[in-house]
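Inspection log for the structure reproduced underneath, given as structure tokens.
The numbers here are math on the coordinates, done by the rules we state, and not lab data. Predicted model, so just to flag it, every value in this text is computed and none were measured. Here Cβ is always computed from backbone atoms with ideal geometry, including for glycine, and neighbour counts include all displayed protein chains.
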Amino acid sequence: MKFFLLTILLFLFLNIDAQISISGHIVNNKNKPLYGVSIVLKNTYDGATSDSLGSYFFTTTEKGDQVLEATISGYNLAIEKIAIDLVPIIQDITLKEQITELKAVIISAGAFEASDKNKGAVLNSRDIVTTPSANGDVTSAFKSLPGTQQVGESEGLFVRGGTAAESKIYMDGNLVNNFFFSSTPGIATRGRFNPFLFKGTVFSTGGYSALYGQALSSVLILESTDLPEKTEADLNVSVVGIGGGIQHLAKNKKSSFGISYNYTNLWLAFNAIKQKQDYFRVPLAHQTDANFRIKTKNGGFLKYYGYISGNKVGFRSIDIDSATLKNSFALQNLNTYQNINWKDRLRNGWKINTGISFSTNKDGIANELQSADNDKVSISNLTFYSFKNFSLQNIARYAQARVVLEKKIKGLSVVRFGGDYFYSNEKTTYTLFDGTKYIEKVTDNLVAAFTETDIYVTNNLAAKIGTRLEHSAIINKWNIAPRISLAYKIAEKSQASFAFGIFYQNPERKLLPGVAGIDYSKANHYIFQYTMQTKEHTLRVELFYKKYADLYKTIPNFNGREIAANNNGYGYAKGIEFFWRDKKTIKNVDYWISYSYLDTKRNFLNYPSEIQPSFTANHTAAFVFKKFVLPWKTGFNLSYNFATGRPYYNITYDNAQNKYTIADQGETINYTNVSFSINYLPNLGKKSAKAFAVWVLGINNILGQKQIYNYNYSNNGSRKEAVTPPANRFIFIGCFLSFGINRTQEAINNNL
Amino acid sequence: MKKLFLSTIVLFATVAVIAQSEKFTTAIKKNLAALDTSFKNPADLLSVANNFERVANAEKNQWLPYYYAALCQVNYGFMEQNKEKIDGYADKATLLIAKADSLSPNNSEISCIKSMIASCHMMVDPMQRWQEYGQESNSNMEAAMKQDPTNPRPYFLKGQGLKYTPEQFGGGCATAKPQLQIALEKFTTFKPSSEISPNWGKERVEMLIEECK
């Protein structure tokens, strides 16, 4: 027995003494040594960390068959079976790099992303509200990026030679039909939605994914925020109105709801800053919205957003055809939008993203010819004059249902597919000066199916390949649109991308109902991109070529309105764009510069030949500069936008030749705009503060430079009038307050 | 004979258990010593982190090695100069501290690490992140104070945070010093529950107070 115990003890003793060394070299699949790899003899304390040469060394007293594991983030776990005996072990290990979001190339051709979390984003959510030329408008901040035109006379994004109608806007996957307030002649309206509703935005200037369609030029994809960080109430007061709202976060932080109301009235602003137009009804709007968001078990979200607004505006301007008369325009609008979206993880690597949206829009327009004393002037003999007295009522209803399913294949590679259904019903009642009513109805049922795959071959090479299939009742044909996008990582921080795609679009509403037999209009995009991006710098160069085919040519219908007649239009756009953002070189200064060169011509609508459209400039540049001065708790933002002159035309119908001709043409002066804004945050960093305030002072076109967007011609072509902004300069002063209810509540609870 | 055999086994088993826990304590102690010196050389910090993680994964039911591994990772994150890499270390620390948390819930020391991790994330882009991570850091710090009022470390973190906050934001020595004094007082009375329990930070507090003189 003694002998037995002794043997055991001796054995133990020997065991402790018999330390075996294990060492080796750790490399990646490119044979580069890896530093910081953790090597473990499984289920023991023994192991080591590789040094800068990839070497490791440790000793162990374990014996027999053991498992050696090597781990480091970004690489697959390596497992080596070893048998420990009496000789030192040398075990070299090769680790295979994982395809991870952090390291993988980004499929980015054509796209700009504004996000706080995603890598590859060029803007963050704060940039949208602190870019002075944007005036807190969601889409306007994107006008400081390359690819967009500085069009000030009408709303929307004019991208790479495309019209505003060629850009579509999506919220949580659903199309937003009336993103902007209803158009008023010669004055761009703002977007309806508050920029703080969105946590991420992707602005594609071309070559976008097969998940979206019906836009020849561009899509803007907005993603709404998830749960608020805390229950909060906010209040804003400014020269343009007042508003407030609350966001309530449930105690378990799994759901939230919110409501807000905003009242806009430009009376004060328009009294202080003289407007070119004579407003008999200053712009006035009531807007209210409500939302709820529920976080699901699997980390998904069910989100609802509902919006309703009513607004009115009316103004007189000098009638262009006469020296003495005035033209009076009045608009009344009622708009609703509702969107419910469910995004979730299902089992076995499947994801679902589905949603339904409904919206309605009602516009009532009354146009009148008025005398110098603002009395109605009825003219019944002269044809074109008499048409200036009219009213127009437009009632539109839209619905959309959408489902996208996604399945993870391997690593980051996924395949997704799904479908869209769009319904639109628009009814227009046009009442002439003599009371004659014309009623037009346009209904469309558009179905789309799409499939797309993201393939990550390695961390350095990825492709997005997709196809979209569409059928619109208006056209009554199918179209098939392939899209492909490739990305290749050249070096650690730089990558090259290429995209090709075919895009189809129906005629925009104002050209409908068209002549029977019209087809889809079409554009082919070819994009080549080079990007170099670090945390502090972004350099992006993009070359593009866009070929338009089957664009709509128009003819006047029985009441003089231009409608889509055929698909004989065509055109092209090509150019090069630069974007440079630097957050580092100058301390506490963040600036970006963008430049676009655009060469484009097209023959569409009533153009007599292939000409450069009046909404395009050849050279566009923007410079945005932001500096935050900590001791003053104040941010200073400056932006400078420049565009070379745009062509303008007087296109008239020549009865003798029986065709459209250019009666006159010219080029506007260069466009320049220097805007400046100051944000003052008095409570910044005061943790005890109950309210958090942001004061904003913004001055648009601070130098009061003359801006001419276009020219309007009189009916006989003898007079032309510059289309200019309603005021040379605009000044915004406002205060935004937010109150965290949660904290005060906590403080009360803690003291009880 | 049977009795002897049984008692031998019992003895042997007890010896094994004691040996095991002694081995554990020794391993932690050895690495704690390494931790003390590793701040001078960040590269060592990562290898000490790995040492703790090995012990943690071999034991699986001890929160301390996970805690120390997370502490090393987050401190490594604080020392990292390349801002793009910081989030990675903070995420690794989060994984480790989550395991510690599940083994020892409502632990003041663990809440301190959570607060440090949030601060580490915030450091990458303070302007953009302070709202989210600043709050997370604070709430964990406050939780730590509640969970163990005798623990000096949350006060140390609070003081340290304030010291490095610009004066315009309500930071600086003036507001930091009272917190650091509280931390120092608590350090003098704080008794770690074992020789391997968390007991770090006193020298750092003294240094910060010195800097504020």
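Placing a label point 7 Å from the Cα of A:Asn728 along the Cα-to-Cβ direction, the residues of the range A:259-274 with a backbone N closer than 18 Å are A:270-274. Put simply, the amide H of A:Leu461, placed in the peptide plane, has neighbours under 5 Å in A:Val105, A:Lys489, leaving out anything fewer than 5 places away on its chain.
Before anything else, pin down the relative contact order of the range A:17-95: Cα pairs under 8 Å, at least 6 apart, normalised by residue count, whole percent.
38 percent
Return one number: the angle in degrees, 0 to 90 and rounded to the nearest 10, between the long axis of the Cα atoms of helix A:2-17 and the longest principal axis of the Cα atoms of chain A. Roughly 50 degrees between the two axes. Among the residues of A:696-704, the average count of other protein chain beta-carbon atoms within 10 Å of the residue beta-carbon is 0.
In terms of the mean number of neighbouring beta-carbon atoms within 10 Å, the peptides B:61-73, A:217-229 order highest first as B:61-73, A:217-229.
The local environment of A:Ile480, defined by Cβ-Cβ distances under 13 Å, has a net charge of +3 under the rule Lys, Arg +1 and Asp, Glu -1. Along its three principal directions, the equivalent ellipsoid of the protein assembly as shown from the Cα gyration tensor extends over semi-axes of 64, 32, 24 Å, largest first. By the gyration tensor of its Cα atoms, with a ≥ b ≥ c the square roots of the eigenvalues, what is the shape of the range B:16-148: rounded for a/c under 1.5, prolate for a/b over b/c, or oblate? Because a/c hits 1.5 or more and a/b fails to exceed b/c, the range B:16-148 counts as oblate. With each label modelled as a point 7 angstrom along the Cα→C-beta vector, the A:Lys96-A:Arg561 pair spans 6.3 nm. Remark: the Cα gyration tensor places the range B:65-213 in the oblate category, a/c being 1.5 or greater and a/b not exceeding b/c.
Sum -39500 (n - 2.57) across every DSSP H segment of at least 4 residues in chain A, then divide by the residue count to get the 222 nm mean residue ellipticity, nearest 500.
Details: 5 runs with 43 residues, N = 752.
It comes out at -1500 deg cm²/dmol, rounded to the nearest 500.
Normalised by the number of residues in the range A:475-535, the average gap of Cα pairs under 8 Å and 6 or more apart makes the relative contact order 38 percent.
Per-residue extension of 0.36 nm, minus the Cα-Cα distance of A:Tyr653 and A:Leu284, leaves a gain of 129.0 nm for this segment. Averaged over the residues of B:136-142, the number of partner chain Cβ atoms lying within 10 Å of the residue Cβ comes to 1.
Available extension along the chain between A:Lys437 and A:Glu721 is 99.1 nm, counting 0.36 nm per residue and deducting the alpha carbon span.
Using a Förster distance of 25 angstrom, determine the FRET efficiency expected from the C-beta separation of A:Met532 and B:Ala43, and round it to 0.05.
Between A:Met532 and B:Ala43 the formula returns 0.25.
Using the Karplus relation 6.51 cos²θ - 1.76 cosθ + 1.60 with θ = phi - 60°, the per-residue 3J(HN,Hα) values for the range B:167-184 come to 4, 4, 9, x, x, x, 4, 4, 8, 6, 4, x, 5, 5, 5, 4, 4, 4 Hz, with x marking Gly and Pro. Note on A:Asp664 and B:Tyr164: their simple-model spin labels are 6.8 nm apart, each label 7 Å out from Cα toward Cβ. Listed cross-link partners A:Lys295/A:Lys510; A:Lys168/A:Lys626; A:Lys427/A:Lys477; A:Lys489/A:Lys553; A:Lys408/A:Lys627; A:Lys427/A:Lys720 are compared with a 32 Å cut-off, the Cα-Cα value being larger for A:Lys295/A:Lys510; A:Lys489/A:Lys553; A:Lys408/A:Lys627; A:Lys427/A:Lys720.
What FRET efficiency comes out for the pair A:Trp267/A:Ala691, r = Cβ-Cβ distance, R0 = 35 Å, nearest 0.05?
Working: r = 27 Å, r/R0 = 0.78.
After rounding, the FRET efficiency stands at 0.80.
The Cα atoms of the range A:636-718 give a gyration tensor whose axes a ≥ b ≥ c have a/c of 1.5 or more with a/b greater than b/c, which makes the shape prolate.
Axis of helix A:741-751 versus longest Cα principal axis of chain A: the two differ by about 50°, to the nearest ten degrees. Relative contact order of chain A, taken over Cα pairs closer than 8 Å and 6 or more residues apart, is 10 percent. For the range A:379-431, the convex hull spanned by the alpha carbon atoms encloses 116 Å³ per residue. Full extension of the chain segment joining B:Glu84 with B:Glu142 gains 18.0 nm, where the gain is 0.36 nm per residue of separation less the Cα-Cα distance.
Here the Karplus curve 6.51 cos²θ - 1.76 cosθ + 1.60, taken at θ = phi - 60°, turns the phi angles of the range A:575-583 into couplings of x, 9, 9, 10, 9, 9, 10, 9, 10 Hz, with x standing for Gly and Pro.
Counting, for every residue in A:36-49, the Cβ atoms of other protein chains within 10 Å of its Cβ and taking the mean gives 6.
In the elastic network of chain B, a GNM with C-alpha springs shorter than 10 Å, the most mobile of B:Asp91, B:Asp101, B:Asp36 is B:Asp36.
Taking Lys and Arg as +1 and Asp and Glu as -1, the other residues whose beta-carbon sits under 14 Å from that of A:Tyr552 total +1. Residue exposure proxy: B:Cys112, A:Cys735, B:Cys173, ordered by other Cβ atoms within 10 angstrom of their Cβ from fewest to most, comes out as A:Cys735, B:Cys173, B:Cys112.
Relative to the longest principal axis of the Cα atoms of chain B, the long axis of helix B:83-103 makes an angle of roughly 50 degrees. Summarising the amide proton neighbourhood of A:Gly24: residues at separation of 5 or more, or on other chains, whose placed amide H is nearer than 5 Å comprise A:Tyr56, A:Gln91.
For a Förster distance of 51 Å, can you work out the FRET efficiency between the beta-carbons of A:Phe384 and A:Leu539, rounded to the nearest 0.05? For A:Phe384 and A:Leu539, the calculated efficiency is 0.45.
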